[in-house]
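**Q** Sharing a structure with you now.
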Amino acid sequence: MDVTMTYATQGIWTWWIAIYLYFGGLGAATLAVTFLTDMYLKPHRKLVLWGAGSGVVLLALGSLMLFTHLLDHRAVIHILNPLVLINQPTAWIAWGTQFIIWMMAWGVLYALPYVSETPALQRLPVIRQLLAQRLVRGIAGLVARHRKLVGWLAVINGVGVAVYTGLLLQSFPGVALWANPGVPLLFTVSAFSTAMAFLLLLMYTVIRDAADDVIRGLYERIDLVLIASKLVILASLFFYLQRGSESAMRSWELLWTDLGWLIGFIGFGLLVPFFLELRGVITGWATRMPIIAASVFGLTGGYLLRHYFMYAGVYAYPW
């Protein structure tokens, strides 16, 4: 019996899930890189305050985006229960929720020793000031004694969030573009690449400490490797889709014939920041503007990757 295949682009997971995946991966990777830098390269109060604060806000915004689109908002109680992971180990949203919650908790705790030193506590009313100082400094002292333990707990959960964003998509077998082993790797590498771009943007515009040249140079070199890795993964994905199922080929056609994907993501989101940072690493730049531009392009490219992955998700229906 002949079977006719009908194809339809999925229209449920669109830009809002792309924002959720983007903010989640970016926020978690930003926290992880910030804490690793503070633990092993240089104790950096400003970087931790800005990196931890930004990372927690990004994670919260991404989670809020997902929560607002839940059909039953009370259902979130179930995925907040850690026992769900034992009863349903393939419930990837539950895994992601747990990783995000613990990432935010450890992230706030790691930053507390630096927060306790900020002048903001001194500007509180007297009674609140005494209570806040006693509470914050008490917890901060405990965290300071176990700084690397708290830092590594945050890093592990951060990596978990970054990997989860890809595993969530891979768990949908009906969409060939998503259901392949390269997606978790691609999204993880992309999360840390965008984190490097975000931290470079912070260090060139907000922090601007001349003593951070070594850290900035290291971030640029790491980002070069990550962008090159993304290009290799995307090339592999290109051949996978081209020689895969009919559904995969439809996704390939949508992506590789779309100027937004080719020019916006591949061109300005990957190649432009790669060559700007490569020039910076090899010969340096007279001003900071090229690296700032590379960071902005890299951050934009990180979102476009997820946006077009949602856009090109194709279902195949046999009739």
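The values are calculated or read from the model by the stated rules, or taken from the named source; none is laboratory data. Here the structure is a predicted model, which means the values were calculated and not measured. Using ideal geometry, Cβ is built from the backbone for each residue, glycine included, and neighbour counts are taken over all protein chains shown.
**Q** Mind listing just one residue for me: the one in segment 277-319 that is among the hydroxyl-bearing types (Ser, Thr, Tyr) and under 19 Å from Val225 (Cβ atoms) and, of those, modelled with the highest pLDDT?
**A** Here the residue is Ser295.
**Q** Looking at the structure I just gave you, is Arg306 over 16 Å from Val189 (Cβ atoms) and either outside any helix (DSSP H, G or I) or charged (D, E, K, R) (or both)? I'd like the intermediate steps shown before the answer.
**A** Values: over 16 Å from Val189 (Cβ atoms): no; either outside any helix (DSSP H, G or I) or charged (D, E, K, R) (or both): yes.
For Arg306, the condition - over 16 Å from Val189 (Cβ atoms) and either outside any helix (DSSP H, G or I) or charged (D, E, K, R) (or both) - is not met.
**Q** Name the residue, out of Leu121, Leu185, that is at pLDDT 80 or above, more than 17 Å from Leu31 (Cβ to Cβ), aliphatic (A, V, I, L, M) and in a helix (DSSP H, G or I).
**A** Checking each option against the conditions leaves just Leu185.
**Q** In this structure, does Gly298 turn out to be at positive phi and not aromatic (Phe, Trp, Tyr)?
**A** Details: at positive phi: no; not aromatic (Phe, Trp, Tyr): yes.
For Gly298, the condition - at positive phi and not aromatic (Phe, Trp, Tyr) - is not met.
**Q** Output the residues belonging to segment 265-291 that are out of contact with any Ser or Thr (no Cβ under 8 Å at 6 or more places or on another chain) and within 26 Å of Trp178 (Cβ to Cβ).
**A** Phe265, Ile266, Gly267, Leu270, Leu271, Phe274
**Q** Quick check on segment 58-114: of everything there that is among the hydroxyl-bearing types (Ser, Thr, Tyr) and at pLDDT below 75, which residue is nearest to Ile19 (Cα to Cα)?
**A** Our first condition is that a residue be among the hydroxyl-bearing types (Ser, Thr, Tyr); within segment 58-114, this holds for 63, 68, 90, 97, 110, 114.
When the remaining residues are screened for being at pLDDT below 75, the result is 68, 90.
Numbers: Thr68: 13, Thr90: 23 Å.
Filtering first and then ranking leaves Thr68.
**Q** Sticking with this structure for a sec: What pairs come out if I take residues in segment 236-248 that are of a type in the set (S, T, N, Q) and pair them with residues that are in a loop (DSSP other than H, G, I, E, B) and buried (at least 21 other Cβ atoms within 10 Å of the Cβ) whose C-beta lies under 7 Å away, six or more apart or interchain?
**A** Ser245/Ala176; Ser247/Ala176
**Q** Further, regarding this structure: For segment 160-176, name all the residues that are among the polar types (S, T, N, Q) and either assigned to a loop (DSSP other than H, G, I, E, B) or without any contact (Cβ under 8 Å) to a residue 24 or more places away in the chain (or both).
**A** If the condition is that a residue be among the polar types (S, T, N, Q) and either assigned to a loop (DSSP other than H, G, I, E, B) or without any contact (Cβ under 8 Å) to a residue 24 or more places away in the chain (or both), then Gln170, Ser171 are the ones that fit.
**Q** Answer yes or no as to whether Glu253 is in contact (Cβ under 8 Å) with a residue 40 or more places away in the chain and assigned to a helix (DSSP H, G or I).
**A** no
**Q** Restrict the check to segment 213-227 and report whether at least one residue is touching a Pro at 6+ places or on another chain (Cβ under 9 Å) and among the acidic types (Asp, Glu).
**A** Yes - at least one qualifying residue is present in segment 213-227.
**Q** What's the number of the condition Ala286 fails, among (1) farther than 19 Å from Ser193 by Cβ; (2) among the aliphatic types (A, V, I, L, M); (3) in a helix (DSSP H, G or I)?
**A** Condition not satisfied by Ala286: (3).
**Q** Another question about this same structure. Does Leu66 qualify as being within 16 Å of the chain's Cα centre (by Cα) and either assigned to a helix (DSSP H, G or I) or within 15 Å of Val115 (Cβ to Cβ) (or both)?
**A** Working: within 16 Å of the chain's Cα centre (by Cα): yes; either assigned to a helix (DSSP H, G or I) or within 15 Å of Val115 (Cβ to Cβ) (or both): yes.
Yes: the conditions hold for Leu66.
**Q** Pull out all pairs, ordered by first then second residue, where Cβ-Cβ is under 7 Å, the residues are six or more apart or on different chains, the first lies in segment 28-47 and is outside any helix (DSSP H, G or I), and the second is surrounded by 15 or more Cβ atoms within 10 Å (Cβ to Cβ).
**A** Short answer, once both residue conditions are applied: Leu41/Ile215; Lys42/Ile215; His44/Thr37; His44/Asp38.
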